[in-house]
Amino acid sequence: MSLARLRVSFLLLVTLTTLIHLVSGGAVWQALGIAALLLYLITLGGQLSRMAKGLLLVSAVFTLLALWRSSSPIQLLFEASGRFAFFATFVVALSMLRLPAYRSRLVRRCGKSMLLQPPSRRYPILSLGSALFGIILNIGVLNLFAAMIEKSNTLGAAQGRAWVQQARQRRMMLALLRGFSLAPLISPMGIGVAVVLSSLPQVTWLQLAPYILGAALLIFLTGWAVDFFTGPHPPANKSHGAIPSLRPLGQFSVLLLGIVALVFSIAWLLELRLPIAALLGAPTGALIWLAWQRRRIGYAGVPAAISAVHRQLPWLLSPSANEIVVLGAAGYLGHLCVGLVDTQQLAPLLVVLDPWGPFNAVLAMLMVVGLAQVGVNPIVTVTLLVGLLPQLGIEGLTPALIGASLMVGWALALMSSPMTASMLILSRFTGVSATRIGYRWNGRFLVASIPLLAAWFVWSPF
């Protein structure tokens with residue numbers, strides 16, 4: 001057995017045991033998952049990025065601190081390791097949807113249809129489309145669509161006008177980036193929802209939805225308005241053929257609604273919380289989609305779909321190592337920090353923050369955005385704050401409002417920080433520095449959107 005196949009085997013064992021534990025309970029299954037997780041981390045060797053290695057090092061330091069300071073260190077470390085395994089399972093489950101998506105003709109037709117729309121429609125369609133595709137493809141949507149944009153945005157398409165080509169590149173890449181950053185807000189299966197709901201068991205997605213969907217609409221409309229008013233608006237090239245139909249995008253939306261409906265159905269039928277239902281629904285939806293693509297092979301395509309999953313899992317999951325470690329270590333650190341903090345020591349902080357009431361949600365949002373600018377991954381900040389803030393008991397600052405503001409801060413961090421993976425991918429495709437994309441290209445949007453979002457959280461009717 002190759003090292004890649006062995007590594008994937010450990011990761012699948014983590015996934016299977018964690019799912020059994022989450023659905024049926026039992027500390028034995030959780031212990032088996034944690035053991036498999038340790039073996040998986042050992043096999044990674046030198047494949048991890050600097051950020052992932054740094055988080056593992058910090059996790060090791062906090063583990064020693066927990067052994068020293070905690071009154072029940074074994075229980076605390078066991079629960080924190082379970083959080084690590086949960087987020088590793090989440091990445092694996094959501095990654096399964098990429099298998100049928102990457103070979104889907106519908107996905108390719110959607111991309112071409114969105115990019116060939118006239119300038120007046122291009123921003124809203126590309127932004128909404130990348131948000132929808134981001135739900136399934138995650139960060140893969142940036143690679144897919146950015147490559148399509150660079151291929152279609154030629155000097156010939158701009159009628160030899162270099163400034164038009166550059167303007168189109170900026171506007172389409174920003175539409176792509178902002179749309180992708182909305183995916184964690186609008187998706188019930190997103191990682192933001194998983195982090196918040198797993199840390200706030202008293203909150204449901206339906207309680208989060210009014211805040212996050214309203215904020216997502218504000219971000220979308222603000223981005224569209226900034227794109228329109230900052231232009232430019234060169235005369236359209238009338239030599240192109242008919243405008244392509246948006247029917248493929250509608251078909252993809254129906255497919256996506258089907259997967260989301262499957263997740264909600266599992267949550268309702270099995271009486272599970274939404275993040276756990278997503279861990280079951282995403283692989284099930286992926287297998288159904290793969291079987292549909294292979295339905296002509298025989299037996300409704302099910303054997304061929306299972307064979308494709310078995311054959312392609314190493315290719316699919318090997319690039320996810322950094323994502324698994326960063327997300328899992330953030331969850332591990334967050335749980336340890338919450339367990340190590342003495343709530344009585346937070347009393348002076350409560351005296352300072354309590355008069356601000358709901359405005360603390362805005363401060364939390366800005367903290368996520370601000371720390372992302374200096375390299376602190378939003379996953380880490382959100383995980384820590386969502387565990388600590390509810391313990392303060394600030395009047396007017398409900399758990400749902402805390403979770404929503406942190407999710408919105410996460411989205412804004414993805415649109416602005418030059419140190420996020422999304423910004424680095426766009427920088428690689430455009431040849432423009434990540435700092436220029438985040439601050440120069442996107443500066444006016446951020447200046448316009450942050451006050452509106454602050455007002456939304458402070459004066460929201462929900």
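The values are calculated or read from the model by the stated rules, or taken from the named source; none is laboratory data. Bear in mind the structure is a predicted one, so any value in this text is a computation, not a measurement. Positions of Cβ are generated from backbone atoms using ideal geometry, with glycine treated the same way; all protein chains shown enter the neighbour counts. Accessible surface areas use protein heavy atoms only, side chains included; no ligands, DNA or RNA. Shrake-Rupley method; radii C 1.70, N 1.55, O 1.52, S 1.80 Å.
Hey, if we sort K151, K53, K112 by accessible area with the 1.4 Å probe, largest down, what's the order? All intermediate terms of the calculation are to be shown ahead of the outcome.
Working: K151 170, K53 105, K112 135 Å².
My answer, sorted largest first, is K151, K112, K53.
3J(HN,Hα) along the stretch 404-413, derived from phi through the Karplus expression 6.51 cos²θ - 1.76 cosθ + 1.60 where θ = phi - 60°, amounts to 5, 5, 5, 5, 5, x, 4, 4, 5, 5 Hz, with x in place of Gly and Pro. Temperature 10 °C, viscosity 1.306 mPa s: under these conditions the Stokes-Einstein estimate for the stretch 164-206, based on its Kirkwood radius over C-alpha pairs, is 130 µm² per second. When you restrict to C-alpha pairs under 8 Å that are six or more residues apart and normalise by the size of the chain, the relative contact order lands at 22 percent.
Excluding R168 itself, calculate the net charge of residues whose Cβ lies under 15 Å from the Cβ of R168, where each Lys or Arg counts +1 and each Asp or Glu counts -1. Could you put the intermediate results ahead of the total?
Numbers: positive: R121, R122, K151, R161, R170, R171; negative: E150, D227.
Summing Lys/Arg as +1 and Asp/Glu as -1 gives +4.
Hey, if you drop one equal point scatterer on each alpha-carbon of the stretch 3-78 and run the Debye formula without solvent, what base-10 log of I(q)/I(0) do you get at q = 0.18 Å⁻¹? With no solvent term, the Cα-only Debye profile gives -0.89.
Restricting to Cα atoms and excluding each atom paired with itself, what does the Kirkwood estimate give for the stretch 325-430 in Å? Walk me through the intermediate numbers first.
Details: mean 1/r = 0.0690 Å⁻¹.
The answer is 14.5 Å.
Phi angles of the stretch 163-170 translate, via the Karplus equation with coefficients 6.51, -1.76, 1.60 and θ = phi - 60°, into HN-Hα couplings of 5, 5, 4, 5, 5, 5, 4, 4 Hz per residue; Gly and Pro are given as x. Proximity of backbone amide H atoms, modeled 1.01 Å from N, is registered between I394 and no other residue at under 5 Å, excluding neighbours fewer than 5 places apart on the same chain. The H on the amide N of R294, modeled in the peptide plane, is under 5 Å from the matching H of no residue at least 5 residues off or on a different chain. Each residue of the stretch 438-454 was assigned a 3J(HN,Hα) from its phi angle through the Karplus curve 6.51 cos²θ - 1.76 cosθ + 1.60 (θ = phi - 60°); the sequence is x, 9, 7, 5, 9, x, 5, 4, 5, 4, 7, 7, 4, x, 5, 5, 4 Hz, with glycine and proline shown as x.
Estimated from helical segments only, the mean residue ellipticity of the chain at 222 nm is -25500 deg cm²/dmol, where each DSSP H run of four or more residues counts as -39500 (n - 2.57). In terms of its Cα atoms, the stretch 88-230 spans 58, 35, 20 Å along the principal axes, sorted from long to short. Checking [x] 41, 29, 17; [y] 35, 24, 21; [z] 35, 29, 20 against semi-axes √(5λ) of the Cα gyration tensor in Å calculated from these atoms, the matching label is [z].
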